[in-house]
Amino acid sequence: MHIAEGYLPPLHAAAWTVAAAPFVVHGARAVVRRVRTDPDSKLLLGAAGAFSFVLSALKIPSVTGSCSHPTGTGLGAVLFRPPVMALLGTIVLFFQATLLAHGGLTTLGANVFSMAVVGPWVAYGVFVLTRRLGGGLALGVFLAAALGDLATYCVTSVQLALAFPDAASGVAGSIAKFGSIFAVTQIPLAISEGLLTVLIMRLLIRVSPAELTRLGVLKPGPAAAPVTVKEAGA
Amino acid sequence: MLPLDAVAYTNRWRPRHPAEKAFLSLGLLTCAVALPPWPGAPVVGVVAAMLLLGPAGVAPRQVWRAMKVPLGFVTVGSLPLLVAVGGTPWIRFEPTGVPLALQLAGRATAALLCLLLFAATTPLADTLPRLNRLGVPPAITEVSALMYRMLFLLLESVRTVREAQASRLGFRTWATSYRSLAGQGGAIFVRAFERARRMEEGLALRGYTGSLRVEVEQRPVSQPFVVATGVLLVVVVVGTLTLRRVLA
């Protein structure tokens, strides 16, 4: 769920843009450095970005009977790491605003902060933590995708609540109101995205181990075994 | 092709320089969010809609199609302003929230029309190579351009895979639906990276040095258009503030 164009008051829109900027600049500098040392990685990054855009266009069925789109933040963070996702997510959100009118230019900063910064970092943190605690790859991917999705929507609810505090109970009451609409309803969808991401990851391990090795998700070797947490976090 | 992108290639303002359209659309967008929603939102919204449907020649059906989903968010997002929580009863209708919700919906609708004025008249292929002049590093614009070119191929692949899965009853039950969706995700991953690898090989054979610069069609910036836009923006600001004083 993207915050629509013009929805946030100007000061809030500017503040979220400032909050997201350091992460995006950090990601952009990492990408520029990587491209300078390995020009071929430009093509890989283009493929990764296009994959993220198209992944977010898939329709997943929810337990409530409705349909939704995955945020793709969990899978993106595990495959490409959060700094790269901050930049790729920003480009994807810009494309979604200008190609689909989903989101907007004034609300780009707020959407980037929730979907390209907090979502991927929460997902990656959960993935690393699960693996360190001895959880399997499937459990790590499931929790990363589900909690990354949920974190995105919780942040969106907070952004909306800060912009429009409740008349009686202030920001806290407003968080409850927006959270009940945009975050609680998201729980079944987050579970759906988690399950789907596990299935996609299992499929990728089977059909595309070379690319996963190149991305650092699998460690090199004939068996193409999943990397340990220390390697994944490096 | 995505419907909005198709319109961007076929509208009457397609040959105009992207900077002209950005100045007009983003100027109006700034007015939409910065001016008081009443009467700023109706004024900006009507101006943007008239430009979109008139000189730009975008069909009303196409505008409505692009607006449906974001308007859904605006409607649902305005509802919480109509209720208050806390106190007795714990949840109740809040009459003071009605004007606030209307202002919010009005501002968001006007801003959405301004966004569409840019998105429906300017293909991204025209915008991306020119972002370098705004200080965006070439590596970033080139990655964006690659994404733009690849995503249509991938969307087409997903459509084909989905049709094939549906023909084989791949969405009959929950289990088969999830398996089919995972297949779609896996297919786009494999095709995206396969295409990148083939492109890498092709570029290497052509003496790739790290630069993916493409020829950008030179278009002069129309001075009359820029002046008219400046005048229009001043009229919108002064008109809105005058109208506000008159209506107060």
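Residue-level analysis places B:LEU155 among those that are within 7 Å of chain A (Cβ to nearest Cβ) and either open to solvent by less than 70 Å² (accessible area, probe 1.4 Å) or more than 19 Å from A:PRO70 (Cα to Cα) (or both). Quick check on this structure: which one of A:GLY194, A:GLY140, A:GLY148, A:GLY179 is of a type in the set (Gly, Ala, Ser), at pLDDT below 90 and in a helix (DSSP H, G or I)? Of A:GLY194, A:GLY140, A:GLY148, A:GLY179, the one residue that is of a type in the set (Gly, Ala, Ser), at pLDDT below 90 and in a helix (DSSP H, G or I) is A:GLY179.
Of the candidates A:VAL25, A:VAL84, the single residue that is under 16 Å from the mean Cα position of the chain (by Cα) and more than 7 Å from chain B (Cβ to nearest Cβ) is A:VAL84. Give region A:10-39 a look and list any residue that's charged (D, E, K, R) and not in a helix (DSSP H, G or I), or say none. Hit for region A:10-39 is A:ASP38, nothing else.
Scanning region B:60-81 for residues that are touching a residue at least 24 places away in the same chain (Cβ under 8 Å) and open to solvent by less than 60 Å² (accessible area, probe 1.4 Å), which turns out farthest from B:LEU4 (Cα to Cα)? Spell out the reasoning first.
Step one: list which residues in region B:60-81 are touching a residue at least 24 places away in the same chain (Cβ under 8 Å), which gives B:62-63, B:65-67, B:70-71, B:74-75, B:77-78.
Next, only the ones that are open to solvent by less than 60 Å² (accessible area, probe 1.4 Å) stay: B:63, B:66-67, B:70-71, B:74, B:77-78.
Values: B:VAL63: 9, B:ALA66: 7, B:MET67: 11, B:PRO70: 14, B:LEU71: 16, B:VAL74: 20, B:GLY77: 24, B:SER78: 26 Å.
Here the answer is B:SER78.
Considering only region B:166-175, I want to know if a residue exists there that is surrounded by 15 or more Cβ atoms within 10 Å (Cβ to Cβ) and in a helix (DSSP H, G or I). Scanning region B:166-175 turns up no residue that is surrounded by 15 or more Cβ atoms within 10 Å (Cβ to Cβ) and in a helix (DSSP H, G or I). Do we find a residue being touching a strand residue (DSSP E or B) at 6+ places or on another chain (Cβ under 9 Å) and facing chain A (nearest Cβ under 10 Å) anywhere in region B:134-147? Among the residues of region B:134-147, not one is touching a strand residue (DSSP E or B) at 6+ places or on another chain (Cβ under 9 Å) and facing chain A (nearest Cβ under 10 Å), which makes the answer no. Among the numbered conditions (1) more than 7 Å from chain A (Cβ to nearest Cβ); (2) under 24 Å from B:PRO224 (Cβ atoms); (3) open to solvent by less than 20 Å² (accessible area, probe 1.4 Å), the only one that B:LEU29 does not meet is (1). With respect to (1) touching a residue at least 60 places away in the same chain (Cβ under 8 Å); (2) touching a strand residue (DSSP E or B) at 6+ places or on another chain (Cβ under 6 Å), the lone exception for B:ASP126 is condition (2). Might you let me know whether region B:207-226 holds any residue that is in a helix (DSSP H, G or I) and within 24 Å of the chain's Cα centre (by Cα)? Scanning region B:207-226, I find at least one residue that is in a helix (DSSP H, G or I) and within 24 Å of the chain's Cα centre (by Cα), so the answer is yes.
List the helices (runs of 4 or more DSSP H) inside region A:70-126, counting only whole elements, that have at least 3 residues being hydrophobic (A, V, I, L, M, F, W, C) and closer than 29 Å to B:LEU29 by Cα.
Ranges flagged: A:82-100.
Listed by position, the helices (runs of 4 or more DSSP H) contained in region B:3-97 that have at least 1 residues being polar (S, T, N, Q) are B:3-10, B:18-34, B:60-78. Return the residues of region A:188-197 that are open to solvent by less than 20 Å² (accessible area, probe 1.4 Å) and within 9 Å of another protein chain (Cβ to nearest Cβ); say none if nothing qualifies. If the condition is that a residue be open to solvent by less than 20 Å² (accessible area, probe 1.4 Å) and within 9 Å of another protein chain (Cβ to nearest Cβ), then A:SER192, A:LEU196, A:THR197 are the ones that fit. Here's a check for you: in region B:1-22, which residue that is open to solvent by 60 Å² or more (accessible area, probe 1.4 Å) and touching a Phe, Trp or Tyr at 6+ places or on another chain (Cβ under 8 Å) is modelled with the highest pLDDT? Among those that are open to solvent by 60 Å² or more (accessible area, probe 1.4 Å) and touching a Phe, Trp or Tyr at 6+ places or on another chain (Cβ under 8 Å), it is B:ARG16. Report whether or not A:LEU44 is open to solvent by less than 10 Å² (accessible area, probe 1.4 Å), within 9 Å of chain B (Cβ to nearest Cβ) and over 25 Å from B:ALA8 (Cβ atoms). Answer is no for this residue. Take the conditions (1) surrounded by 22 or more Cβ atoms within 10 Å (Cβ to Cβ); (2) more than 15 Å from A:VAL217 (Cα to Cα); A:ILE200 misses just one of them, which is (2). Taking the criterion of being closer than 23 Å to A:VAL84 by Cβ and at the interface with chain B (Cβ under 10 Å from one of its Cβ atoms), the only residue of region A:1-22 that qualifies is A:HIS2. The sole residue among B:LEU181, B:LEU113, B:LEU102 that is more than 10 Å from every other protein chain (Cβ to nearest Cβ), assigned to a helix (DSSP H, G or I) and either open to solvent by 10 Å² or more (accessible area, probe 1.4 Å) or over 29 Å from B:ALA59 (Cβ atoms) (or both) is B:LEU102.
Considered as a group, the residues in region A:87-104 that are facing chain B (nearest Cβ under 7 Å) and β-branched (Val, Ile, Thr) include one that is surrounded by the fewest Cβ atoms within 10 Å (Cβ to Cβ), and that residue is A:THR98. Checking A:ALA176, A:ALA172 one by one, the residue that is small (Gly, Ala, Ser), facing chain B (nearest Cβ under 7 Å), open to solvent by 10 Å² or more (accessible area, probe 1.4 Å) and more than 16 Å from the chain's Cα centre (by Cα) is A:ALA176 and no other.
Would you mind finding the one in A:VAL126, A:VAL141 that is buried (at least 23 other Cβ atoms within 10 Å of the Cβ) and in contact with a Leu (Cβ under 6 Å, 6 or more places away or on another chain)? Full working, then the answer.
Working: A:VAL141 fails: in contact with a Leu (Cβ under 6 Å, 6 or more places away or on another chain).
Matching residue, one of A:VAL126, A:VAL141: A:VAL126.
The values are calculated or read from the model by the stated rules, or taken from the named source; none is laboratory data. Keep in mind it's a predicted model, so treat the numbers as computed, not measured. For neighbour counting, all protein chains shown are included, and Cβ atoms are generated from backbone atoms with ideal geometry for every residue, glycine included. These area figures cover heavy atoms from the full protein model, side chains too; ligands, DNA and RNA do not enter into them. Shrake-Rupley method; radii C 1.70, N 1.55, O 1.52, S 1.80 Å.
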